[in-house]
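The values are calculated or read from the model by the stated rules, or taken from the named source; none is laboratory data. Quick caveat: nothing in here was measured; it's all calculated off a predicted structure. Neighbour counts run over all protein chains shown; Cβ positions are idealised from the backbone, glycine included. To get the accessible areas, we keep the full protein, side chains included, count just its heavy atoms, and leave off ligands, DNA and RNA. Shrake-Rupley method; radii C 1.70, N 1.55, O 1.52, S 1.80 Å.
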Amino acid sequence: MQLGALTALLTAVGSIAFALKFSVIDPDLWWHLKVGDWIIEHTAVPHTGILSRTAAARPWVAYSWGYEVMLARAYGWGNLVGIGIFGTLLTLMVAASVFWMARRISGQFWPSWLLSIAAFSAFLFNGMPRPFFFSITLFCVTLALLIEASRSERTQLLYWLPPLFMVWANLHIQFVYGLAVVGLFVAVNLAQRANRKVGFAPDYLEAPKLPSLPLVAIFVVCVMATLIGPNTYHPYVAVWEYSHAKFSYQVIIELQPLSFRGFSHFAELLLGAAAFYAIGWQKKIDLFKLTLMIAASVIAFRTMRDAWFLCTCAVACISDVIAQRAPTTESENADRPASWLELAGVTAVVLVLLALFTRGTNFNERELDRAISSTYPVNAVNFLRRNPVPGPLYNNLNWGGFLMWYMPDYPVAIDGRNDLYGDDLDKLFYASQSADTGYTTDPYLNEAGVVILDSTLPLAKILTVDPRFELIYRDQIATVFARRENASGGR
């Protein structure tokens, strides 16, 4: 029955992922794909703003290069269907890792199954499958190792962390979240032991169980492991730059605080509240779990995209309380973990069911292409291929990644790599596309030979009466302008 329930859960997750087609409509997908192609072609990782005409010489860290190579290989194998399958597999990987973490910590199947559903409803389908899905998966492994090591007093379990961080640092920049949690685990241990030496050991706090020196050594090795790779220390530079960014957090919806306008936000709130209740319900409070939940709440409520951080921490904390409250009886044998053979069987059945599901849906090359064409300027680019116009190109931000991939002969003016362009360029393009008065002095617009804009943007409307440009194509999705021959800055 348990294996059937797990199969049903994962099949439902995969089916929803296929139906939503998030894997092929994500605006960031395309620049990741193009960067992956570049890495494969040059057998090197870029360190400047490749594929951009406005920031080509700026330093840039391809901190998700491992993901990008896998994405490019998926497209090379199966075109759009390959990308769709890759994104769906990433979603299933996250779902499986959350359940595995809860099951590993709690030792109970059904509470883990229910907690997983609660977590999925709070964050899983709010974000499109991107490199941070690897961060969620590896973060779940990290939390499981920390909690199990503390509970069993086996420091040896943490020896898995350095190789985990070596891989993680080459997949996504949010390895710093995991590193920060390991650092918090060590810091709480050191603080409690220091306080005990001076006689401050409150009865309501759970005593530290692991020796401090090995923990510090493991943390240091984890930090060193993140430096292994083509980017060495540069991801930390990118983190520092992200910490100073302001504008992108004002205009990008997923980087803004929770609005509580959807069910998932309330699910996240309730899951976090349940975790705090579970921690306080214990006779002795685990200071690490309490500080972890406080930090996770601050981060997740500040940024919608980080809902996963709070939800996974909450699932781990609740699972640990379930394990401690569970009675030790012979009946626990009925709730034994599934064997590798059983898990392989579940995986095979899920894949077969999903394959059957896709045969009865529109998840195929033609329909995926149609979904892309209804979101991105496919027809406009095809028009330019038949009627070439000299560049340089000016485009809106959301389409930069797609144009980078679908129209590679024109280096883009801007794309979704906010860490490359910075607040100043982002502000400039955002103001111009909003048709603020400063658009007439935008140097990148002034030098553009061809302009492709979302038809709903104010700039797309106001340029129809701008003497510098001529309207050459328009549909419901995109509007294309060419510079007039006699205009200032013309071709």
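Across region 92-163, what fraction of all alpha-carbon pairs, as a whole percent, falls in each successive 10 Å bin from zero upward?
P(r) for region 92-163, in whole percents per bin: 20, 48, 28, 5.
Quick check for you: with a 1.4 Å probe and neighbouring chains kept, what is the accessible area per residue of region 192-333, in Å²? Write out the running numbers ahead of the final one.
On the way: 7790 Å² over 142 residues.
Here the residues of region 192-333 average 55 Å² of exposed surface.
Count charges around residue 202 for me, please; just the other residues with Cβ under 15 Å from its Cβ, Lys/Arg as +1, Asp/Glu as -1.
Numbers: positive: 193, 196, 197, 283, 284; negative: 203, 206, 286.
Its environment carries a net charge of +2.
Quickly work out the residue 126-to-residue 298 label distance, labels modelled 7 Å from Cα along the C-beta direction, and quote it in nm with one decimal.
It works out to 1.9 nm between the two label points.
Would you list, by chain and number, the aspartates and glutamates whose Cα falls below 18 Å from the Cα of residue 283, excluding same-chain residues fewer than 8 positions away?
Of all the aspartates and glutamates, those that pass the test against residue 283 - Cα under 18 Å, at least 8 places apart if same chain - are 203, 206, 320.
May I ask you to list the aspartates and glutamates whose Cα is less than 20 Å away from that of residue 461, ignoring any residue fewer than eight positions away on the same chain?
Residue 461 reaches 436, 442, 447, 470, 475.
From the phi of every residue in region 245-260, what ³J(HN,Hα) in whole Hz does the Karplus formula 6.51 cos²θ - 1.76 cosθ + 1.60 yield, where θ is phi - 60° and glycine or proline is x?
Per-residue couplings from phi come out as 6, 10, 5, 4, 6, 8, 10, 8, 4, 5, 9, 8, x, 4, 9, 6 Hz.
Can you flag which of 209/246; 34/427; 197/289; 21/289 are past 30 Å Cα-Cα?
Exceeds cut-off: 209/246; 21/289.
Calculate how large, on average over all directions, the projected area of the Cα convex hull of region 57-130 is; give the answer in nm² to one decimal.
Mean orientational projected area (region 57-130, Cα hull): 7.1 nm².
Only Cα pairs under 8 Å and at least 6 apart count here; give the relative contact order of the chain as a rounded whole percent. Kindly include the intermediate steps, with their values, before the conclusion.
Values: 697 pairs, mean separation 94.6, N = 491.
Taking the mean separation of contacting Cα pairs over the length of the chain, I get 19 percent.
Accessible area per residue for region 392-491 in Å², computed with a 1.4 Å probe and the full protein assembly in place, what is it?
Details: 4070 Å² over 100 residues.
Using a 1.4 Å probe on heavy atoms only, each residue of region 392-491 averages 41 Å².
Where does helix 212-225 land angle-wise versus the long Cα axis of the chain, in degrees 0 to 90, nearest 10?
20
In region 332-480, what is the volume of the convex hull around the alpha carbon atoms, normalised per residue and reported in Å³?
Per-residue hull volume (Cα only) is 195 Å³.
Just to confirm a number: summing +1 for Lys and Arg and -1 for Asp and Glu over residues other than residue 379 whose beta-carbon lies under 15 angstrom from that of residue 379, what do you get?
Working: positive: 370, 385, 386, 474; negative: 369, 454, 475.
Here the count lands on +1.
For a label point 7 angstrom out from the Cα of residue 151 toward its Cβ, which stretches of region 273-306 have the backbone nitrogen within less than 16 Å?
Backbone N within reach: 275, 278-290.
Pop out the ³J(HN,Hα) list for region 21-29 in order, Karplus 6.51 cos²θ - 1.76 cosθ + 1.60 with θ = phi - 60°, rounded to Hz; leave Gly and Pro as x.
6, 4, 4, 10, 10, 6, x, 7, 4
Which whole-number percent gives the relative contact order of region 37-114, counting Cα pairs below 8 Å spaced six or more residues apart?
Working: 46 pairs, mean separation 13.0, N = 78.
Normalised by residue count, the contact order of region 37-114 is 17 percent.
Rounded to the nearest 500 deg cm²/dmol, what is the calculated helix-only ellipticity per residue at 222 nm for the chain, with -39500 (n - 2.57) per DSSP H run of length n ≥ 4? Working shown, then result.
On the way: 21 runs with 296 residues, N = 491.
The helix-only estimate for the chain comes to -19500 deg cm²/dmol at 222 nm.
Once the dipole of region 1-94 is set up with Lys and Arg at +1 and Asp and Glu at -1 on Cβ about the Cα centre, which of 13, 87, 25 lies farthest towards its positive end?
Toward the positive end, the furthest listed residue is 25.
Write down the accessible area per residue of region 90-177 in Å², having rolled a 1.4 Å probe over the full set of protein chains. Walk me through the numbers before you get to the answer.
Numbers: 2720 Å² over 88 residues.
Roughly 31 Å² per residue, with all protein chains present.
Could you give the Stokes-Einstein D for region 125-192 in µm² per second, using the C-alpha Kirkwood radius, 20 °C, 1.002 mPa s? The partial results should precede the final answer.
On the way: Rh = 12.7 Å.
The Stokes-Einstein estimate is 169 µm²/s.
With a 1.4 Å probe and all protein chains left in place, how much of the accessible area of the chain comes from carbon and sulfur atoms, in whole percent?
On the way: 13970 of 21990 Å².
Its accessible area is 64 percent carbon and sulfur atoms.
Skipping prolines and chain starts, which residues have an amide H placed within reach, meaning under 5 Å, of the one on residue 285, given they are 5 or more residues away or on another chain?
The answer is 205, 206.
What ranking, highest mean first, results for peptides 57-67, 451-461 when packing means the other Cβ atoms within 10 Å averaged over each residue? List each step's numbers first, then the result.
Values: 57-67: 21.0, 451-461: 19.0.
Averaged packing, sorted descending, gives the order 57-67, 451-461.
Spin-label point model (7 Å from Cα, Cβ direction): what's the residue 246 to residue 56 distance in nm?
3.2
Given the alpha-carbon gyration tensor of region 179-244, what are the semi-axes of its equivalent ellipsoid in whole angstrom, ordered largest first, with each equal to the square root of 5 times an eigenvalue? Could the numbers behind the result be given before it?
Details: eigenvalues 200, 40, 12 Å².
Calculated on Cα positions only, the semi-axes equal 32, 14, 8 Å.
Along region 371-380, what does the Karplus equation 6.51 cos²θ - 1.76 cosθ + 1.60 (θ = phi - 60°) give for ³J(HN,Hα), rounded to whole Hz, x for Gly and Pro?
Ordered by residue, 3J(HN,Hα) equals 5, 5, 5, 7, 10, 10, x, 4, 5, 5 Hz.
Using amide H atoms built 1.01 Å from N in the peptide plane, name the residues 5+ places from residue 48, or on other chains, whose amide H lies under 5 Å from its own.
Excluding prolines and chain starts, which carry no amide H, the hits are 60.
Taking the mean number of other Cβ atoms within 10 Å as a proxy for protection, how do you rank 280-289, 22-31 from highest to lowest?
22-31, 280-289
In region 172-307, if the dipole is taken from +1 on Lys/Arg beta carbons and -1 on Asp/Glu beta carbons about the Cα centre, which of 307, 222, 187 is farthest to the positive end?
About the Cα centre, the residue reaching furthest to the positive side is 187.
With both bridge residues required to lie in the chain, what share of the DSSP beta bridges run antiparallel, to the nearest 5%?
Values: 11 of 16 bridges.
Counting only bridges with both partners in the chain, antiparallel ones make up about 70 percent.
Residues with amide H under 5 Å of residue 478's amide H, sequence separation 5 or more or different chain, H placed in the peptide plane at 1.01 Å from N; which?
Amide H neighbours of residue 478, under 5 Å, 5+ apart: 455.
Rounded to the nearest 10 Å², what accessible area does residue 50 show when all protein chains are kept and the probe is 1.4 Å?
Answer for residue 50: close to 20 Å² accessible.
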